[in-house]
Amino acid sequence: NSGVMALLRPLLLDVVPTIQQTAALALGRLANYNDDLAEAVVKGDILPQLVCSLSEQNRFYKKAAAFVLRAVGKHSPQLALAIVQCGALETLVICLEDFDPGVKEAAAWALGYIARHNSELSQAVVDAGAVPLLVLCIQEPEIALKRIAASTLSDISKHSPELAQTVVDAGAIAHLAQMILNPDAKLKRQVLSALSQIAKHSVDLAELVVEAEIFPVVLTCLKDSDEYVKKNGATLIREIAKHTPELSQLIVNAGGVAAIIDCIGSCRGAVRLPGIMMLGYVAAHSENLSMAVIISKGIPPLCACLIEENEDHIKAAAAWALGQIGRHTPEHARAVAVANVLPTLLSMYMDTRSSEDLQVKASICTTKKALKNILQKCTYLPALEPLLHDAPPNILKHIVGQFSKVLPHDSKARRLFVTTGGLKKVQEIKAEPGSLLQEYINAINNCYPEEIVRY
């Protein structure tokens, strides 16, 4: 407000180098603070001056100038575009070849903050020739430089298969894969993130990541003391598992399902989410893969997530995963039902139905679908019976439908159904004449002598 920007600008051209650097640092810190101040840097015509100095000045000034560009570019695609338009990318890419690792780091950081916004900006960074040099940077000895270069490769890869392919073609996967076991937690986070962003786009890209022999090495990350290493490791495994049954089978064979289940059991909150999703993807592919999740004791930790977690989206993910496990055959559904999941899912569905929140609405849909998936296959009646008393009509029809399939063929179940009060409950259900629910009720009543039904 006091017009400091205008006072700092001439200082960028001061004859004393330390004054130049300090002025640039001050501008960077102002621009870093919020987007209005970053906008003021752009409007004050300061960027062209910085870009010009980036190519000529000493390493201290280069670092400060790259910091300003990063601070401006991080806030929005529009501000990042302003940096691209003043020709900064080419100069930043030249800085990636500087002999000073600090200058490389500052340049890589600025490029990452520009590339992360959208695929157009990311493409501009690629077109400026950044990718091969970033791959060289991850091979440098300095840990800080490795981290930032891996992070920038991650930001470039995330937008589209084509951009990820550019990173792959520059030979990034092999170098990233070698660093999965690096003792530095922050570097591991970035490396796992970059591999995830490459693997997520297509089967081919996921297979290239797997071929770099990341299994079983990557499973050690799931036991890491750093929460983000755990989370990013689980995310990488999820992004590979989702594509095909073959890739999921490969993860099962490497012990990946058991490792993810341990990981979900040992942590709380958002760290669990990618692991939960991964189990759902694996189970969704086929009966055998779903059975692998059941045999590895995957159901109890997923049930624990339904009860322990407060966030709706994490609960909904656990519900979805249980639905994927239970939807294949009566045997699968029984494994889920025996864990006493159905009452929990039903109460989740009932609790949130009145909510107006969009996120909650989405999780209701997921929970309802999971319930339906399991119920339509579940022939284990002891687990279904308690639900007869609480379920709303749209869920009730699936429950009664299962009874109408099983009871005609199972005399022991028919007797039990009377003694536990199930048959009485069915008589109390008000169904629309001619509806599917009414048909199911008639089918159940037809299993019994008329006087018992009347009684």
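The set of residues from region 161-182 being more than 21 Å from Val218 (Cα to Cα) and open to solvent by 20 Å² or more (accessible area, probe 1.4 Å) comprises Pro161, Glu162, Gln165, Thr166, Asp169, Ala170.
When residues in region 195-219 are screened for being under 16 Å from Gln249 (Cα atoms) and not in a helix (DSSP H, G or I), 4 of them pass.
Taken over region 340-358, the criterion of being surrounded by fewer than 21 Cβ atoms within 10 Å (Cβ to Cβ), at pLDDT 90 or above and not polar (S, T, N, Q) is satisfied by Pro343 alone. Residues in region 284-312 that are open to solvent by 80 Å² or more (accessible area, probe 1.4 Å), within 25 Å of Leu247 (Cβ to Cβ) and in contact with a Ser or Thr (Cβ under 7 Å, 6 or more places away or on another chain): Glu287 only. Checked across region 60-81, the condition of being within 13 Å of Ala110 (Cα to Cα) and β-branched (Val, Ile, Thr) holds for at least one residue.
Can you pull out every residue in region 119-133 that is open to solvent by 40 Å² or more (accessible area, probe 1.4 Å) and over 21 Å from Gly171 (Cβ atoms)? Those that are open to solvent by 40 Å² or more (accessible area, probe 1.4 Å) and over 21 Å from Gly171 (Cβ atoms): Ser119, Glu120. In region 239-279, the residue that is modelled with the lowest pLDDT out of those that are open to solvent by 10 Å² or more (accessible area, probe 1.4 Å) and among the charged types (D, E, K, R) is Arg268. Cβ separations smaller than 6 Å between residues 6+ apart or across chains give the following pairs from region 430-452 residues that are open to solvent by less than 90 Å² (accessible area, probe 1.4 Å) to residues that are part of a loop (DSSP other than H, G, I, E, B) and modelled with pLDDT under 90: Leu437/Ala431; Gln438/Ala431; Ile441/Ala431.
Listed here are the residues, each with its yes/no results for (1) over 25 Å from Ala124 (Cα atoms); (2) surrounded by 15 or more Cβ atoms within 10 Å (Cβ to Cβ); (3) at pLDDT 95 or above.
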site: Asp184; (1), (2), (3): yes, yes, yes
site: Ala194; (1), (2), (3): no, yes, yes
site: Gln197; (1), (2), (3): no, yes, yes
site: Ser202; (1), (2), (3): no, no, yes
site: Val218; (1), (2), (3): yes, yes, yes
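None of Lys369, Lys377, Lys361 is open to solvent by 30 Å² or more (accessible area, probe 1.4 Å) and assigned to a loop (DSSP other than H, G, I, E, B) except Lys377. The C-beta contact set for region 348-376 (first residue small (Gly, Ala, Ser), second residue open to solvent by 30 Å² or more (accessible area, probe 1.4 Å) and modelled with pLDDT of 85 or more, distance under 8 angstrom, 6+ apart or interchain) comprises Ala362/His313; Ser363/Asp312; Ser363/His313; Ser363/Lys315; Ala370/Trp320. On the basis of being more than 26 Å from Ser157 (Cβ to Cβ) and free of Cβ contacts under 8 Å to residues at least 40 places away in the same chain, does Gly255 make the cut? Spelling it out, Gly255 is indeed more than 26 Å from Ser157 (Cβ to Cβ) and free of Cβ contacts under 8 Å to residues at least 40 places away in the same chain. Sub-7 Å Cβ pairs linking a first residue in region 271-287 that is farther than 10 Å from Ile314 by Cα and acidic (Asp, Glu) to a second residue that is assigned to a loop (DSSP other than H, G, I, E, B) and open to solvent by 10 Å² or more (accessible area, probe 1.4 Å), at least 6 apart or interchain, are Glu287/His328; Glu287/Thr329, ordered by first then second residue.
Being over 21 Å from Gly275 (Cβ atoms) and open to solvent by less than 30 Å² (accessible area, probe 1.4 Å), is that true of even one residue in region 313-326? There is no residue in region 313-326 that is over 21 Å from Gly275 (Cβ atoms) and open to solvent by less than 30 Å² (accessible area, probe 1.4 Å).
Go over the candidates Gln78, Gln49, Gln139, Gln57 one by one and state the one that is surrounded by fewer than 16 Cβ atoms within 10 Å (Cβ to Cβ) and more than 23 Å from Ile173 (Cα to Cα). Checking each option against the conditions leaves just Gln78.
So is Leu111 assigned to a helix (DSSP H, G or I), surrounded by 24 or more Cβ atoms within 10 Å (Cβ to Cβ), of a type outside the set (Gly, Ala, Ser) and touching a residue at least 12 places away in the same chain (Cβ under 8 Å) or not? Answer is yes for this residue. Of all the criteria given as (1) surrounded by 14 or more Cβ atoms within 10 Å (Cβ to Cβ); (2) within 21 Å of Asp98 (Cβ to Cβ); (3) of a type in the set (Val, Ile, Thr), the one not satisfied by Val42 is (2).
The values are calculated or read from the model by the stated rules, or taken from the named source; none is laboratory data. In this text the structure is predicted, and so the values were computed from the model without any measurement. Positions of Cβ are backbone-derived with ideal geometry, glycine not excepted, and every protein chain shown enters the neighbour counts. Keep in mind that these areas ignore ligands, DNA and RNA; they rest on the heavy atoms of the full protein, side chains included. Shrake-Rupley method; radii C 1.70, N 1.55, O 1.52, S 1.80 Å.
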